[in-house]
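One structure is given below, encoded as C-alpha cells.
The values are calculated or read from the model by the stated rules, or taken from the named source; none is laboratory data. In this text, all values refer to a predicted model and were calculated from it rather than measured experimentally. Positions of Cβ are backbone-derived with ideal geometry, glycine not excepted, and every protein chain shown enters the neighbour counts. Quick note on the areas: whole protein, heavy atoms, side chains included, nothing else; ligands and nucleic acids left out. Shrake-Rupley method; radii C 1.70, N 1.55, O 1.52, S 1.80 Å.
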Amino acid sequence: MFIDIHHHLVYGVDDGCKTLEAMQQMIRRAYEDGTRYLIATPHATPGRERFPWADYYSHLKQARQFCQDAGIDLNIYEGSEILYTRETARLLRERQIPSLANSRFALLEFLPEHDYEYLCEAARNVRSAGFVPIFAHIERYPCLKKVQQLELLREHYGVRLQMNARTLIRKNGFFEDRKIRRFLDANMIHYISSDAHDMPHRHTCIHEGYEKLKEMYGRERAEALTYGNALEIFQ
C-alpha cells in the first residue's frame, strides 16, 4: 500500500491529464499499482498565474465520484506543485494556493537555473509562513550535487525531500546515477512519489520503485519511503 504525494491526476488544469477518460485511466493505474492515498498536485505559479480553483475542484470531485462508483478504494486529496516565487509564502499563508491535503506541508519545485541560495531562501520563507517545505524531484536540480547541501536543507530549514520513482528504475547517466545513489545511501530522501502525468509516457510506477528500494535497502526502508514517512502529512 503506497501514498503518492505528487501526482498530476486532475485533468484540464495543467500539463497532466487532458480528458476525463484519461483521468479515469490514471486512477485505475494508480490503484492497480498499489496506491491507496493520492494527492492531486497540479502546477501552481504564485504571482504569475491564478490557480484554477473552480476547474480543479470540479474535476477533483469527478475523480472522487468515479472512485466511489467504480468501487476503487483510492483516497484522493487536494494539493499543488508550486513553482517557487517570492509570492509563494504570502499566497500559501492566505490559502490562495493549495498545500498538501490541506496540511502545513507544501510541495515546491524550482527551475534548473535556480541556485542553491535561492533554494535556501525558499525554505526560509515558506517556513516563516508556517509551512514545512517539501522539495519535489530533488534529483533534477543541477545546483544540488553534495550530500552536505541536503543535510543543510534538512537540518537548518526543516526541508523534506521527494524523489521520483521513475528515477530509481531507469538509467540516468553515470554521474547522475552516482549522485542519486549517494543521496539514497546517506538516507537524505523522505518520499518516493510518481510525479505521474499521463498514461502513455509518465504513468505511476511506485510499485516498481518500491521493489528496487527493497532490493537495495530492505523492506523497512522501502516501506518508509513509499508509505510510512508520508503519514506525517495527514497527521
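Check ALA63, ALA22, ALA44 and return the single one that is within 22 Å of ILE206 (Cα to Cα), in contact (Cβ under 8 Å) with a residue 40 or more places away in the chain, of a type outside the set (Asp, Glu) and touching a Phe, Trp or Tyr at 6+ places or on another chain (Cβ under 7 Å).
ALA22
Quick one: which of LEU168, LEU213, LEU152 is at pLDDT 95 or above and surrounded by 18 or more Cβ atoms within 10 Å (Cβ to Cβ)?
Numbers: LEU168 fails: at pLDDT 95 or above; LEU152 fails: surrounded by 18 or more Cβ atoms within 10 Å (Cβ to Cβ).
After ruling out the rest, the residue left standing is LEU213.
What are the residues in region 50-81 that are under 20 Å from the mean Cα position of the chain (by Cα) and open to solvent by 50 Å² or more (accessible area, probe 1.4 Å), if any?
Those that are under 20 Å from the mean Cα position of the chain (by Cα) and open to solvent by 50 Å² or more (accessible area, probe 1.4 Å): TRP53, TYR57, ARG64, ASN75, TYR77.
Please find, among LEU38, LEU9, the residue that is in contact (Cβ under 8 Å) with a residue 40 or more places away in the chain, buried (at least 16 other Cβ atoms within 10 Å of the Cβ) and either aliphatic (A, V, I, L, M) or farther than 16 Å from ARG202 by Cβ (or both).
LEU9
Which of the residues belonging to region 11-59 are farther than 30 Å from ARG86 by Cα, polar (S, T, N, Q) and outside any loop (DSSP other than H, G, I, E, B)?
GLN24, GLN25, THR35 - these are the residues of region 11-59 that are farther than 30 Å from ARG86 by Cα, polar (S, T, N, Q) and outside any loop (DSSP other than H, G, I, E, B).
Pairs under 7 Å by beta carbon, first residue in contact (Cβ under 8 Å) with a residue 60 or more places away in the chain in region 124-148, partner of a type in the set (Lys, Arg) and crowded, with 19+ Cβ neighbours inside 10 Å, six or more apart or different chains?
Once the first residue is in contact (Cβ under 8 Å) with a residue 60 or more places away in the chain and sits in region 124-148, its partners that are of a type in the set (Lys, Arg) and crowded, with 19+ Cβ neighbours inside 10 Å give ILE134/ARG160.
If you scan region 155-165, which residues turn out to be under 13 Å from the mean Cα position of the chain (by Cα) and open to solvent by 20 Å² or more (accessible area, probe 1.4 Å)?
Across region 155-165, the qualifying residue is only ARG160.
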